[in-house]
Amino acid sequence: MSGNITAAVCGVGTTDYGRLPGQSAYDLGLQALRAALDDAGLALSEVDGLIVNRIPSYQRFAELAGHDPDYVLTTPGQGRFSGICIDTAKALVESGRCRTVALVYGNSGRSDGMTYGGKDESAYGSEGRMWFPCGMTSPGAFHALMMQRHMHEFGTTPEQMAHVPITFRRHAAHNPKAVMREEFDLDGYMNARPICDPLKLLDYCLINDGGAALIVTGADRAADLRKPPVHIRGSALRTAFAGSTFPPEDYWYAPLNEAAMRGFAEAGLDRSDMDALMVYDNFTPAVLFSLEGCGYAPRGESGAWVSEGHLSLGGSLPANTSGGHLSESYLQGWALNIEAVLQIRGECGARQVAGARNVHYVAAAPVCSSIVYSGDAS
C-alpha cells in the first residue's frame with residue numbers, strides 16, 4: 001500500500017426501487033451518485049475515480065454528470081461485479097492511484113422488460129445456450145439443479161429452505177424502501193407458485209428499476225467528512241471458471257471458503273467477530289451455499305442451521321436485514337453492501353442490529369467475493 005492508506009466508505013446513496021418508467025439507467029445512476037455525494041459531504045470535483053456497473057457507457061454517464069475523472073471503468077451487468085468493483089476501488093485507493101472513487105450502479109431492467117430466462121435469455125450471454133434444450137434456460141434452473149443435488153446428498157428439505165425467504169421478508173417489513181413487505185408463513189411459502197423444482201416464486205429475486213452508489217476514499221480523509229467512516233477491512237475474490245457452464249459439484253464451497261478466509265485474514269477478524277451477514281440472494285439456495293462455504297453453518301447442514309433462527313434479527317447472525325434481493329429489490333449486490341454500511345453507522349431504524357461493528361458481505365458465483373466492513377480501522 002502507498003503510505004499505509006486504508007480504504008473506507010464515506011458515502012452511500014440509493015433511489016427508490018420498483019417500476020420507474022421514463023428513467024434510464026443513466027438517470028437512476030445519477031440520482032444515486034448525487035445522494036451518495038451529499039451523504040459524504042463531497043463535491044463531484046473531489047472524485048477522481050469512476051466505476052460504473054450495468055450503466056451502458058462510462059463516457060456518456062460522465063458527460064451527463066459533467067465530470068472528467070482521472071480513472072474510469074465500466075463493468076458488465078452480472079451481479080458478481082458489485083464485489084469486484086468494491087475490491088477494485090479499495091485497491092485503487094490503497095495503492096494511491098486514486099484519492100476518491102465513486103461506484104455507480106443503474107438498472108432500468110423492469111421498465112425495459114429484462115428477463116433472466118427462456119429462449120430469448122440474454123442477460124448472461126450465449127455461452128450456455130447449448131443446454132437450453134435440456135431445460136437449463138435460466139440462472140434459476142442452474143440453482144434449482146444445485147439445490148436438488150444438495151437435498152439428495154444431505155437431506156435438506158423445502159421446509160428448512162423456507163426459513164430463508166420467510167426471514168428476509170420479515171426483515172423487509174421494517175424497511176420502507178423494500179418492494180415486498182407483506183409477510184408470509186410456511187404455508188404461504190409451500191403453496192407459492194412452483195417455478196423450477198424445488199424452487200418456488202418466493203425463492204426468486206425481484207427484478208426492478210433502481211440505482212445505487214458508494215464513495216470510497218482513504219480512511220484518514222473519510223474521518224473528516226460528514227458521516228463516520230466504514231472501513232473496508234478485508235476484501236478477497238476467488239474465481240471458479242473451469243467447468244462453470246455446469247453447476248459446481250461442491251456448491252462453490254472451495255472458492256467461497258478461500259475468499260472468506262483471505263478476507264478475514266486481511267481484516268484481522270474471524271467469522272465469530274461478525275455481527276451481521278449480507279449474502280447475495282439471487283435465489284434462496286445461494287444463501288445456504290454461502291453459509292456453508294464461509295463456515296457459518298457446517299457443511300451439508302445449512303438447512304437445519306437456518307431453521308434454528310440464526311439469520312433473524314435477534315439471532316446469532318442477522319442476515320439481509322433490508323430484505324435482500326428476495327424482498328427489498330434485486331440491485332445485484334449493491335444494496336446489500338450499502339445495508340452493511342448503514343448497519344455499522346446505526347442508521348437502520350427498526351431493523352438495526354444492536355451494536356453492529358463488523359458486517360460480512362459474501363456472494364456465491366463463478367467469481368466468489370468476500371468483503372468485511374468494520375466501524376473500526378483495526
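The values are calculated or read from the model by the stated rules, or taken from the named source; none is laboratory data. Keep in mind it's a predicted model, so treat the numbers as computed, not measured. Here Cβ is always computed from backbone atoms with ideal geometry, including for glycine, and neighbour counts include all displayed protein chains. Quick note on the areas: whole protein, heavy atoms, side chains included, nothing else; ligands and nucleic acids left out. Shrake-Rupley method; radii C 1.70, N 1.55, O 1.52, S 1.80 Å.
Tell me, yes or no, whether segment 195-218 has at least one residue that is more than 24 Å from ALA365 (Cβ to Cβ), part of a loop (DSSP other than H, G, I, E, B) and either open to solvent by 70 Å² or more (accessible area, probe 1.4 Å) or touching a Pro at 6+ places or on another chain (Cβ under 7 Å) (or both). Scanning segment 195-218, I find no residue that is more than 24 Å from ALA365 (Cβ to Cβ), part of a loop (DSSP other than H, G, I, E, B) and either open to solvent by 70 Å² or more (accessible area, probe 1.4 Å) or touching a Pro at 6+ places or on another chain (Cβ under 7 Å) (or both), so the answer is no. Against the conditions (1) modelled with pLDDT of 95 or more; (2) touching a Gly at 6+ places or on another chain (Cβ under 7 Å), HIS67 satisfies every one except (2). Name the helices (runs of 4 or more DSSP H) wholly inside segment 83-164 in which the number of residues that are touching a helix residue (DSSP H, G or I) at 6+ places or on another chain (Cβ under 6 Å), modelled with pLDDT of 90 or more and open to solvent by less than 40 Å² (accessible area, probe 1.4 Å) is 2 or more. The helices (runs of 4 or more DSSP H) meeting that bar are 139-154.
So that you can scan it fast, the table gives a plain yes or no per residue for (1) among the β-branched types (Val, Ile, Thr); (2) at negative phi; (3) crowded, with 17+ Cβ neighbours inside 10 Å; (4) part of a strand (DSSP E or B):
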| position | (1), (2), (3), (4) |
| --- | --- |
| GLY13 | no, yes, yes, yes |
| LEU30 | no, yes, yes, no |
| ALA36 | no, yes, yes, no |
| GLN59 | no, yes, no, no |
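Taking first residues from segment 305-324 that are modelled with pLDDT of 95 or more and partners that are aromatic (Phe, Trp, Tyr) and in a loop (DSSP other than H, G, I, E, B), the Cβ contacts under 8 Å between residues at least 6 apart in sequence or on separate chains come to TRP305/TYR296; HIS310/TYR296; LEU317/TYR296. When you look at GLY243, is it small (Gly, Ala, Ser), in a loop (DSSP other than H, G, I, E, B) and at pLDDT 95 or above, yes or no? The answer is no for GLY243.
Specify the residue that is most open to solvent (accessible area, probe 1.4 Å); the eligible residues are those in segment 223-242 that are of a type in the set (Gly, Ala, Ser) and under 20 Å from ALA267 (Cα atoms). Among them, the one singled out is ALA223. I'm checking my understanding of the structure. Among residues of segment 339-368 that are over 18 Å from LEU311 (Cβ atoms) and of a type in the set (D, E, K, R), which one is surrounded by the fewest Cβ atoms within 10 Å (Cβ to Cβ)? Here the residue is GLU347. Among residues of segment 331-351 that are closer than 11 Å to VAL230 by Cβ, those with a Cβ under 7 angstrom from a residue that is assigned to a helix (DSSP H, G or I), sequence gap 6+ or separate chain, pair up as ASN337/SER82; ASN337/ILE86. Scanning segment 307-322 finds one or more residues that are open to solvent by 10 Å² or more (accessible area, probe 1.4 Å), of a type in the set (Asp, Glu) and closer than 22 Å to TYR189 by Cα. Scanning segment 349-370 for residues that are part of a loop (DSSP other than H, G, I, E, B) and over 17 Å from the mean Cα position of the chain (by Cα) returns GLN352, VAL353, ALA354, GLY355, ALA356, ARG357. Annotation: of all residues in segment 40-57 being crowded, with 24+ Cβ neighbours inside 10 Å and either assigned to a helix (DSSP H, G or I) or among the charged types (D, E, K, R) (or both), the one that is modelled with the highest pLDDT is ALA40. Condition test on SER24, is it in contact (Cβ under 8 Å) with a residue 24 or more places away in the chain, open to solvent by 20 Å² or more (accessible area, probe 1.4 Å) and polar (S, T, N, Q)? So SER24 passes the test. Pairs are defined by a Cβ separation below 9 Å, a sequence spacing of at least 6 or placement on different chains, a first member in segment 27-38 that is farther than 22 Å from VAL230 by Cβ, and a second member that is of a type in the set (Phe, Trp, Tyr) and assigned to a helix (DSSP H, G or I); the pairs so defined are LEU30/PHE61. Could you tell me which residue of segment 251-273 is farthest from the chain's Cα centre (by Cα), considering only residues that are surrounded by 15 or more Cβ atoms within 10 Å (Cβ to Cβ) and in a loop (DSSP other than H, G, I, E, B)? Of everything passing the filter in segment 251-273, LEU269 is farthest from the chain's Cα centre (by Cα). Exactly one residue out of ALA319, ALA276, ALA259 is under 11 Å from ALA364 (Cβ atoms), in contact with a strand residue (DSSP E or B) (Cβ under 6 Å, 6 or more places away or on another chain) and hydrophobic (A, V, I, L, M, F, W, C): that is ALA259.
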